[in-house]
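> One structure is given below, represented as structure tokens, and several questions about it will come after.
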Amino acid sequence: MKILLISAFFPPEVGSAAHLYYELGQALRERGHEVTVLTGLPRYHVLGDQQDYRRRPFVYETYHGLKVLRVFNVDIPWNIPVLRGLDQFASALFAGLAGVCLPAFDAAVVYSPPLPLALAAMALCRARRRPLLVNIQDLFPQSAIDLGVLSNPYLIRIFKGLESLLYRHADLIAVHSEGNRRYLLNAGGEPDRVTVIQNWIDTEAIRPGPRRNGLRAALGLDRRFVVSFAGIMGYSQDLETVLHSARILKDQNEIAFLLVGDGVEKPKLQKLAQEHHLDNVFFLPMQPKEKYPEVLLASDLCLVTLRQEVKTPVVPSKILSIMAAGRPVLASLPLDGDAPRLLSEAQCGKAITPSNPEAMAEAIMQLYQDPKLRGKMGARGRRYAVEHLSLEAAAEFIENSICRI
């Protein structure tokens, strides 16, 4: 089968969307399908010089065995919400026009958000008379409304209308948790066209290993208890809570905080760490995909954080990576979401109330003092990831879902 994957982000960009669809493309290719990826020119958390890409309006290439069409987009500043919103519509337009020129395909899968890209993919598949699976990873615009990023009532009405249009007319929608499915059904989705597929993780690429590795040695952390966060440092991640927790534990010389990644909030976080003389906090830039497992393995405890305002039942994909690496999870996020339910079902970590540095510091101390519990949590998380969250099972589910449309 000829399958078209559509995503706003794709390697060499670094991030969950890029990694998920790269892994899915490879898994589908290994199952005998011919996979083409429609995406934008690299611009978001890109490692290395990508000027060769940016000099051209589009690039058609083979990337690690996958055919990839990269279409023009504008390299905008990511800290200006209005520009990001306009960019979503412009990028969707360019992708839709490029999609018309693509060779024939049998079915398509699109990553959403951005919402306009999913609508462009739906229009493309209608024009080509091909089925479309919409893979919704974040409930936009509700997530932006909850965070206060989207507050203009006219814009909210526009995006809500577009959201309803997508939910009512998509051939098939896949979400990553039951809480997300309930939201979609309440927002106009049809029960027989909304399904659940938990996000996947490549459990061969991320495996348990020794904690003492080259990264620890390079940072001088060989003998310390490392509490890590790795990922996008944006507003919704609430990383100020982590720094306030580090301040509480400043006198615990054995405990170090390692924050790995980039994002609009990082300069503010670095300034806060300097102002409070937090020499127990270490920052690293975003790491390439192949280095990410080393960050996890260097950790004794891995953090997942979200603000209290995040009301949508999101399950951050970094939880799955942590589980695959056999490390315990400490999640500071709304307790009524689906992420705490996953941690409870897998028995692989602890969830605490968000934006509460005292509670985080207390939980870190409890787990620091109980290595046996940490070991059990890590082992249970690894086992759950292998049995329930494998990339191969997800690829098979998506393949079968496409065939049923």
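The values are calculated or read from the model by the stated rules, or taken from the named source; none is laboratory data. If you're wondering where the values come from, they're calculated on a predicted model, not measured in any experiment. Neighbour counts are summed over all protein chains in view; Cβ atoms, including those assigned to glycine, are modelled from backbone coordinates with ideal geometry. Note: areas computed on protein heavy atoms with side chains; ligands, DNA, RNA excluded. Shrake-Rupley method; radii C 1.70, N 1.55, O 1.52, S 1.80 Å.
> Tell me, which helices (runs of 4 or more DSSP H) lie completely within the range 46-147 with 3 or more residues that are open to solvent by 20 Å² or more (accessible area, probe 1.4 Å), at pLDDT 85 or above and over 25 Å from Ile197 (Cα atoms)? Outline the logic, then answer.
Details: elements: 51-54, 81-100, 115-128, 142-147.
Fully inside the range 46-147 and qualifying: 81-100.
> Does Tyr384 satisfy the condition of being farther than 25 Å from Thr195 by Cα and among the aromatic types (Phe, Trp, Tyr)?
no
> Among the residues of the range 231-259, which ones are within 21 Å of Val310 (Cα to Cα) and open to solvent by 70 Å² or more (accessible area, probe 1.4 Å)?
Tyr235
> Just to be sure before I move on: is Gly214 more than 19 Å from Arg307 (Cβ to Cβ) and at pLDDT below 95 in the structure I sent?
In short, yes.
Okay, residues lined up against (1) within 19 Å of Gln237 (Cα to Cα); (2) of a type in the set (Val, Ile, Thr):
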{"site": "Arg327", "(1), (2)": "no, no"}
{"site": "Leu330", "(1), (2)": "yes, no"}
{"site": "Ala339", "(1), (2)": "yes, no"}
{"site": "Glu345", "(1), (2)": "no, no"}
{"site": "Pro354", "(1), (2)": "yes, no"}
{"site": "Ile364", "(1), (2)": "yes, yes"}
{"site": "Arg374", "(1), (2)": "no, no"}
{"site": "Ala385", "(1), (2)": "no, no"}
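> Name the residues in the range 365-402 that are touching a residue at least 60 places away in the same chain (Cβ under 8 Å) and over 24 Å from the mean Cα position of the chain (by Cα), would you?
Answer for the range 365-402, where residues must be touching a residue at least 60 places away in the same chain (Cβ under 8 Å) and over 24 Å from the mean Cα position of the chain (by Cα): Met365, Leu367, Tyr368, Arg374.
> Tell me whether the range 381-390 contains one or more residues that are open to solvent by less than 40 Å² (accessible area, probe 1.4 Å), within 30 Å of Arg31 (Cβ to Cβ) and not in a helix (DSSP H, G or I). Can you show your working first?
Initial filter on the range 381-390 (open to solvent by less than 40 Å² (accessible area, probe 1.4 Å)): 381-382, 384-385, 389-390.
Checking which are within 30 Å of Arg31 (Cβ to Cβ) leaves us with 381-382, 384-385, 389-390.
Subsequent filtering for residues that are not in a helix (DSSP H, G or I) retains 389-390.
Yes, the range 381-390 has at least one match.
> Search the range 1-16 for residues being within 19 Å of Glu396 (Cα to Cα) and of a type in the set (A, V, I, L, M), and hand back the single one that is surrounded by the most Cβ atoms within 10 Å (Cβ to Cβ). Write out each step before concluding.
The first filter runs over the range 1-16 and keeps only residues within 19 Å of Glu396 (Cα to Cα), leaving 1-6.
Remaining after also requiring of a type in the set (A, V, I, L, M): 1, 3-6.
Working: Met1: 14, Ile3: 23, Leu4: 27, Leu5: 25, Ile6: 29.
Applying the filter and picking the extreme gives Ile6.
> Shifting gears a bit: Take the conditions open to solvent by less than 50 Å² (accessible area, probe 1.4 Å), outside any helix (DSSP H, G or I) and not aliphatic (A, V, I, L, M) and apply them to Asp262. Does it pass?
Answer is yes for this residue.
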